[in-house]
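Q: Got a structure for you, written out below as structure tokens; questions coming shortly.
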Amino acid sequence: EVALPGSTGTVAAGKGSGVAGRIEVARPSERGAGAATKDLPTWLGELLGFKKPPPPGDPEKKPTKRHLTVIPFVSSSPVTGVGFGVAAAGTTQRGEPENTSLSTYSLSFTLTTQSQYALTNRHDLRFAGDDWGLTGMARWTKWPSPTWGIGGNTPESAKSTMDYQLVRLYELVSRRLFGNLYAGAGYSFDWYFNVRNSGSASGQPTDFSTYPYGTGSTSLNSGPAVSLVWDSRDSPVYPTRGIVADFNYTFFPTWLGSGTTWHNAYLDLRTYHQLAPWLVLALWTYGSFTFGHVPYLELASNGSDPNERAGRGYIQGRHIGKSLLYGEAEFRFTIWEWLGAVAGVNVHSVSDSDVGGILGDNPRFRYWYPAVTGGLRLLIVRETRSNLCLDYGVGKQGQHGFYLSFNEAF
């Protein structure tokens, strides 16, 4: 499996606020693990003679306020066949570096031999003084992919194919309350159409065909969102210290166009610890809890976090349920100049299919799925510590995947 910015799996839910909080900006020379003297493009330019290294003792030039990286790619997996596309990611400074965080954005397009395509834009904009923020996503996709039904112990024989088109819009405005604490309000819109589900290999009815909500040819979900975020990271791109705590609640009422009434509560905690100038430990845990008459395609699943980067080592959407718990730990190393590496572990669990949700019966998390991950980091923009990430993850039951993306998973 190859995951790039904008890729999508079978199920997408658990929308958080994208940790839209305040970010304390640190210059590259202050970042320890991020204090490389040159990035890969600069090193290649000097090696090939296209760019001359600065004379010894020359003062460092003022950092550029805008950076953009564009990379074409080819991918391959059992789900996508062969995929082709282009991905772009960038940063910009919308105020003075002393008091304004970096704004980040990405745009990607993917086309595969399995008649799948995805066009995705993401942005997290920080305005002068960091008093206001704007976080959002827009997506149009057609992505036939497998689903195995609801619960933490679904057999391979239950596999069937979900085919649909999706238009997704999400926008959240955040305002500083005090210090590192932000409150936000926004709107979420998901429109699934041309929804179809093939039969399972066993010939038995699929969970989708027997599930009572959101299993028609269309499924519309529209509702307001509120968030509360504490963010003390030193960088949104490559944090080396700080904490992010994010609570997001979204309500989907029928009077705003939703097919059924349901709710989603999302809690996210991330911490970063610089253990040495060349070593960072990053920790992440989150829970996604849906309740009410939740449409099938909006149930919580592995890889349904806001950035769809969790659960490396498993096919996105392999396990789905009304509730999900997730944890990950990752060591991030600087090896030399523009070269780095990571090694980590993650684990996830979804509630069983007979559990009503967080406000009904207590969710039971009986089946846990760990994975180990490792990868390389190629420093693309030194000033912002923007990396090209190449990761490989291995999970249980033969699950594995290769992942190509911009910047860290969390």
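The values are calculated or read from the model by the stated rules, or taken from the named source; none is laboratory data. Bear in mind that the values here come from a model prediction, so they are computed numbers and not experimental data. Every residue, glycine among them, receives a Cβ derived from its backbone with ideal geometry; neighbour counts consider all protein chains shown.
Q: Check region 97-108 and report whether any residue there is surrounded by fewer than 14 Cβ atoms within 10 Å (Cβ to Cβ), at negative phi, modelled with pLDDT of 80 or more and in contact with a Gly (Cβ under 6 Å, 6 or more places away or on another chain).
A: Checked region 97-108: no residue is surrounded by fewer than 14 Cβ atoms within 10 Å (Cβ to Cβ), at negative phi, modelled with pLDDT of 80 or more and in contact with a Gly (Cβ under 6 Å, 6 or more places away or on another chain).
Q: Just one of L379, L390, L339 is surrounded by 24 or more Cβ atoms within 10 Å (Cβ to Cβ) and modelled with pLDDT of 90 or more; which is it?
A: L379
Q: Additional query: Here are some residues: G184, G152. Which one is over 26 Å from W230 (Cα atoms) and of a type outside the set (F, W, Y)?
A: One residue alone meets the criteria, G152.
Q: Hey, can you tell me all the residues within region 204-221 that are touching a helix residue (DSSP H, G or I) at 6+ places or on another chain (Cβ under 9 Å), of a type outside the set (A, V, I, L, M, F, W, C) and not in a loop (DSSP other than H, G, I, E, B)?
A: D207, S219, N221
Q: Still on this structure: Taking the residues in region 346-376 that are modelled with pLDDT of 95 or more and of a type in the set (S, T, Y) as candidates, determine which candidate is nearest to T69 (Cα to Cα).
A: T373
Q: Still on this model: How do the strands (runs of 3 or more DSSP E) wholly within region 127-194 filter down when requiring 3 or more residues that are at pLDDT 90 or above and hydroxyl-bearing (S, T, Y): which remain?
A: Here the list reads 160-178.
Q: Further question: Can you find a residue that is closer than 25 Å to Y105 by Cβ, among the small types (G, A, S) and surrounded by 17 or more Cβ atoms within 10 Å (Cβ to Cβ) anywhere in region 197-210?
A: No, because not a single residue in region 197-210 is closer than 25 Å to Y105 by Cβ, among the small types (G, A, S) and surrounded by 17 or more Cβ atoms within 10 Å (Cβ to Cβ).
Q: Hey, any hits in region 80-96 for a residue that's modelled with pLDDT of 90 or more, in contact with a Phe, Trp or Tyr (Cβ under 7 Å, 6 or more places away or on another chain), buried (at least 20 other Cβ atoms within 10 Å of the Cβ) and of a type in the set (V, I, T)?
A: no
Q: What is the number of the single condition among (1) at pLDDT 80 or above; (2) part of a loop (DSSP other than H, G, I, E, B); (3) in contact with a Lys or Arg (Cβ under 9 Å, 6 or more places away or on another chain) that P63 does not meet?
A: Looking at each condition in turn, P63 falls short on (1).
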